[in-house]
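Asks: A single structure is presented below for examination.
The values are calculated or read from the model by the stated rules, or taken from the named source; none is laboratory data. Bear in mind that the values here come from a model prediction, so they are computed numbers and not experimental data. Cβ placement follows ideal geometry from the backbone for every residue including glycine, while neighbour counts extend to all protein chains displayed.
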Amino acid sequence: MSEDWLGSTQNVMATLNASSHSKKDREQNDYYATHPKAVEQLLRLEIFKKNIWECACGEGNISQVLTSNGYSVKSTDLIHRGFGDTLDFLKTNTPVDFDIITNPPFSKANDFLIKAMDILVNGGKLALFLRIQFLEGVKRRSIFRKYPPKVIYVASRNIRCAKNGDFKNATGNASTYCWFIWEKGYTGEPIIRWFND
């Protein structure tokens, strides 16, 4: 069989947008902005507290949709991109009576999950916008045992995230995105639902 049929692992993984195999360099700080439509759809799926913390706010894509829907939003990011305050969320230790909605750097998603569940008050919600591949991994499985997601909303149609916030030049890829929802204190099995159909 020719290589045209077999292809290669690198080509397959690049098509799937896997970070360690992609031919294109990933953004240095893993900044891939969330399309506002994904946030609007989330708000039709879940009810949140009035006060929200967007702790990886980038240029404000999530925060601005939340604000326009009547939420009071605390917007912070490790890197200042012209929006919100500069703050390292992973160094936060004070409990917060907010819900948290964010699209964290995928390379730090485990850390964001653990930190959020540590500082949220009982009953507080965490919504992370992540690739479906977040379900994989032995280390992550142990995290899920301690903090099981309450609901995972899987996108039925492609939702683009934009490298460096550049939606104008963002291209589609084979990644499937999900809203992962945690509620502090929840101990049941995750519910899988679909959206964006």
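Asks: Of all residues in region 161-197, how many are modelled with pLDDT of 75 or more and assigned to a loop (DSSP other than H, G, I, E, B)?
Replies: 11
Asks: Do we find a residue being among the β-branched types (Val, Ile, Thr), more than 25 Å from Gly123 (Cα to Cα) and surrounded by fewer than 19 Cβ atoms within 10 Å (Cβ to Cβ) anywhere in region 24-34?
Replies: Checking region 24-34: not a single residue is among the β-branched types (Val, Ile, Thr), more than 25 Å from Gly123 (Cα to Cα) and surrounded by fewer than 19 Cβ atoms within 10 Å (Cβ to Cβ).
Asks: How many residues are over 23 Å from Thr67 (Cβ atoms) and of a type in the set (A, V, I, L, M, F, W, C) if we restrict to region 79-133?
Replies: So the answer is 7.
Asks: On to the next question. Among the candidates Asp85, Asp99, which residue alone is under 23 Å from Trp194 (Cα atoms) and in contact with a strand residue (DSSP E or B) (Cβ under 6 Å, 6 or more places away or on another chain)?
Replies: Result: Asp99 is the single residue among Asp85, Asp99 that is under 23 Å from Trp194 (Cα atoms) and in contact with a strand residue (DSSP E or B) (Cβ under 6 Å, 6 or more places away or on another chain).
Asks: Oh, and also: Does any residue of region 35-57 turn out to be modelled with pLDDT under 75 and either touching a strand residue (DSSP E or B) at 6+ places or on another chain (Cβ under 6 Å) or part of a helix (DSSP H, G or I) (or both)?
Replies: no
Asks: Further, regarding this structure: For region 74-87, check the following and say yes or no: at least one residue is loosely packed, with under 14 Cβ neighbours inside 10 Å, free of Cβ contacts under 8 Å to residues at least 12 places away in the same chain and not polar (S, T, N, Q).
Replies: yes
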